[in-house]
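The values are calculated or read from the model by the stated rules, or taken from the named source; none is laboratory data. Keep in mind that what you see is a predicted model, and the values were worked out from it rather than measured. All Cβ positions, even for glycine, are placed from backbone atoms using ideal geometry, and neighbour counts span all protein chains on display. These area figures cover heavy atoms from the full protein model, side chains too; ligands, DNA and RNA do not enter into them. Shrake-Rupley method; radii C 1.70, N 1.55, O 1.52, S 1.80 Å.
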Amino acid sequence: LNRADGSAQFSAGNTSVVSGIYGPVEAKVYEEKLDRAVVEVKFRPDIGAPTTKDKWMESAIRNTFEREILAHLHPRTLVQIVIQLREGDGSVDSAAINATSLALVDAGIPLKCMITAATCAVLSDDTTVVDPTQEEIDAARSTHTFAFASGSSTGPLYVDSRGDFTMDEYNHCYELCALATERVLAFMRTAIEGKVTKEAKISAA
Amino acid sequence: MGEAGQVTFAMQTFERIHPVEFQRRFLSQSTRHTGREFMQFRSLQVIKGAISTAQGSATVRLGNTTVVCGIKAEVCEPDVKQPSSGYLTTNVELSPMCSARFRPGAPSDEAQVASEHIHRLSAHLLDLTQLCIETGRAVWSLSADIVCLKHDGNVLDAAVIALVAALEDLQLPRAEFDSATGMVSAERTMCHVEVKRGLFPATFTLVDDMYVVADADDAEEQMAAASLLVVMDRDGKLVNVWKRGAGLMSKETVELCVNAARVRMAEIAKALH
């Protein structure tokens, strides 16, 4: 996205999410906060008009990133996160969180840490699948999405587990997602390093 | 006498001017401003059948938070892809009537998120094939309206309990589909629907980044850094664990909350019956 201050696309399997950041820009007077930036999220589905399902997603993403963005550095401004789902095939929420993390870095918005997310599903035969497809989610007994703050191992930043599960299954999925997010973080690091070196070469030339 | 009066006045003023500091005074002493323990839930009162014009209804009082759920049933055609399934739609209404925070007009973000979350949870409540009158021709469509009458924190828990209670209260007339005329006629006998798993919610709030309290009231919610919703079914299996807000809650805290939710489940079950 070349109009946005920062953008990133995150794809896993068939799921593809684009996140665009606009900001910090001037906030409307009735919306602004005197000591910090206001974070707004808009989530657009792949097909159709936004529904309450997308509002739920917006709220989840806003609550997750609101405190990780160093909003006190930009008072009375607005940071707008626009997420467009290009193709959804399961694990959309974790893809959206990952895309937004990358996009915020691309936009140069100061962050406390990187936020990475992963989804896993417990299928009816008791096997666990990380990064499930929509088909696997529909057939699963329970699905779990966890988001973690990099460098902090005390607990999850965001949890959304639903279905029919026990505490043991929850803990098992927690461990799996923690491992998966470490991989995602490493991937993000390579991607960002690659982009920064490329930009440095262009500006040097 | 005058001195005692002065102290009370000062406390109320302090609460108004420095609400965060006010709450901190209590929380730092391991208590809450209403005298509750950290993991203590408010008293729960459930009254079924409050609305006579609805097919099913329930009023839930969770401390000062009051929520009413009314279920209306209509007959309609089923979805082509699921010809034997009825519908259950849920809507949460947070109006200026319940709190000064809400403006009149389109539903606020909070209301939409609550509606969506309850809608997802409600999928575990009923086997929708129970609502079938005639496969492919007529099914019952239940619309549950959950209205908050008074908002003193933790509307979500109250709303879930109200929905479950209203579904337990629901009575549908036995209906027959006449294939000749295409009309559905209702008999006099009424029957209940079977609530499949049951939903027992418990919300825990991380206040001021440090203290985890159960069933936060409005003043405590204003200071919330994060909120954890744990929903269990009748058998103690987990239906939903939902953490929102980026305040950090450790893994051990989450397990503590799940155990507290299990205890809470018994309290809710008692209030429902």
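Tally Lys and Arg at +1 and Asp and Glu at -1 over the other residues with C-beta under 14 Å from the C-beta of B:Ser143: what net charge comes out?
Cβ neighbours under 14 Å give a net charge of -2.
Got a sec? Charge dipole of the stretch B:1-154, +1 on Cβ for Lys and Arg, -1 for Asp and Glu; which of B:Cys132, B:Val68, B:His33 is way out at the positive end?
Farthest towards the positive pole: B:His33.
Express the carbon and sulfur contribution to the solvent-accessible surface of the stretch B:128-273 as a percent, rounded to the nearest whole number, probe 1.4 angstrom. Please list the in-between numbers first.
Values: 2780 of 5650 Å².
With neighbouring chains kept in place, the figure for the stretch B:128-273 is 49 percent.
What does the convex hull of the Cα atoms come to per residue for the protein assembly as shown, in Å³?
181
What number comes out for the charge environment of B:Val239, summing +1 per Lys or Arg and -1 per Asp or Glu over other residues with Cβ under 13 Å away?
Net charge in that neighbourhood comes out at +3.
Where does helix A:52-65 land angle-wise versus the long Cα axis of chain A, in degrees 0 to 90, nearest 10?
The two axes meet at around 70 degrees.
Could you work out how far the C-alpha centroid of the stretch B:57-118 sits from that of the stretch B:235-273, in angstrom?
Each part reduced to its Cα centre gives a spacing of 22 Å.
Per residue, how large is the accessible surface of the stretch B:1-119? Use a 1.4 angstrom probe and give square angstrom.
Per-residue value: 60 Å².
Determine the distance separating the Cα centre of the stretch B:159-222 from the Cα centre of the stretch B:26-41; give it in Å without decimals.
About 30 Å separates the Cα centre of the stretch B:159-222 from the one of the stretch B:26-41.
So, with +1 on the Cβ of K and R and -1 on the Cβ of D and E, and no other charges, what is the size of the charge dipole of the stretch A:80-205 about its Cα centre, to the nearest 20 debye? Write down the numbers at each step before the final one.
Values: 9 positive and 18 negative charges, 186 e Å.
So the dipole magnitude of the stretch A:80-205 works out to roughly 900 debye.
Kindly state, to the nearest 0.05, the FRET efficiency for B:Glu21 paired with A:Asp35, given R0 = 22 Å and r defined as their beta-carbon distance. All intermediate terms of the calculation are to be shown ahead of the outcome.
Details: r = 17 Å, r/R0 = 0.76.
Approximately 0.85, to the nearest 0.05.
Go ahead and estimate [θ] at 222 nm for chain B from helices alone: -39,500 (n - 2.57) per DSSP H run with n ≥ 4, summed, over the residue count, rounded to 500. Each step should come with its number before you reach the end.
Numbers: 6 runs with 80 residues, N = 273.
About -9500 deg cm²/dmol.
If the chain between B:Arg101 and B:Glu255 were fully stretched, how many nm would it gain, using 0.36 nm times the residue separation less the Cα-Cα distance?
Length gained, B:Arg101 through B:Glu255: 52.2 nm.
At 1.4 Å probe radius, can you tell me the per residue accessible area of the stretch A:57-110 in Å²?
About 32 Å² of surface per residue is accessible.
Please sort through the DSSP H helices of chain B and keep those with an alpha-carbon extent of at least 18 Å along the long axis and a Kyte-Doolittle average not below 1.0.
Qualifying helices: B:155-169.
Heavy-atom accessible surface, probe 1.4 Å, ligands and DNA/RNA ignored: which residues of the stretch A:39-57 lose at least 50 Å² versus the isolated chain?
A:Thr52, A:Lys55, A:Trp56
With a sphere of radius 14 Å drawn around the Cβ of B:Ala54, what net charge do the other residues whose Cβ falls strictly inside it have (Lys, Arg +1; Asp, Glu -1)?
-2
Please report the carbon-and-sulfur percent of the accessible area for the stretch A:94-205; probe 1.4 Å, protein heavy atoms only, DNA, RNA and ligands left out.
57
Just to verify a number: FRET efficiency for A:Thr197 and A:Lys53, C-beta to C-beta distance, R0 = 35 Å, to 0.05?
0.35
Among the lysines, which have Cα under 16 Å from the Cα of A:Lys42 when same-chain residues fewer than 8 positions away are ignored?
Straight-line reach from A:Lys42, under 16 Å: A:Lys53, A:Lys55.
Counting other Cβ atoms within 10 Å of each Cβ, which trypsin sites (Lys or Arg not before Pro) in the stretch B:160-253 have at most 16 and sit in a DSSP loop?
B:Lys196, B:Arg234, B:Lys237
Counting alpha carbon pairs within less than 8 Å and at least 6 residues apart, what relative contact order, in whole percent, applies to chain B? The partial results should precede the final answer.
Details: 548 pairs, mean separation 49.0, N = 273.
Reported as a whole number, the value is 18 percent.
Compute a Gaussian network model of chain B, connecting alpha carbons closer than 10 Å, and tell me which residue from B:Pro96, B:Pro104, B:Pro19 fluctuates the most.
Residue with maximal mean-square fluctuation among B:Pro96, B:Pro104, B:Pro19: B:Pro104.
Tell me, which longest segment in chain B has none of the GluC sites (Glu not before Pro) that fall in DSSP loops with at most 12 further Cβ atoms within 10 Å?
Values: sites that count: B:Glu37, B:Glu194.
Result, exposed sites excluded: B:38-193.
Kindly compute the accessible surface that chains B and A hide from a 1.4 Å probe when together, both sides summed, and give it to the nearest 100 Å².
2700
To make sure I understand the rule: partners must be lysines, Cα under 29 Å from the Cα of B:Lys48, and not fewer than 8 residues away in the same chain. Which ones qualify?
Within the straight-line cut-off, B:Lys48 pairs with B:Lys72, B:Lys150, B:Lys196, B:Lys237, B:Lys270.
Enumerate the residues in the stretch A:78-94 having an amide nitrogen under 13 Å from the point lying 7 Å beyond the Cα of A:Asp46 toward its Cβ.
A:84-93
Skip the ligands, DNA and RNA, and give the accessible area per residue of the stretch B:153-251 with a 1.4 Å probe, whole Å².
Roughly 34 Å² per residue, with all protein chains present.
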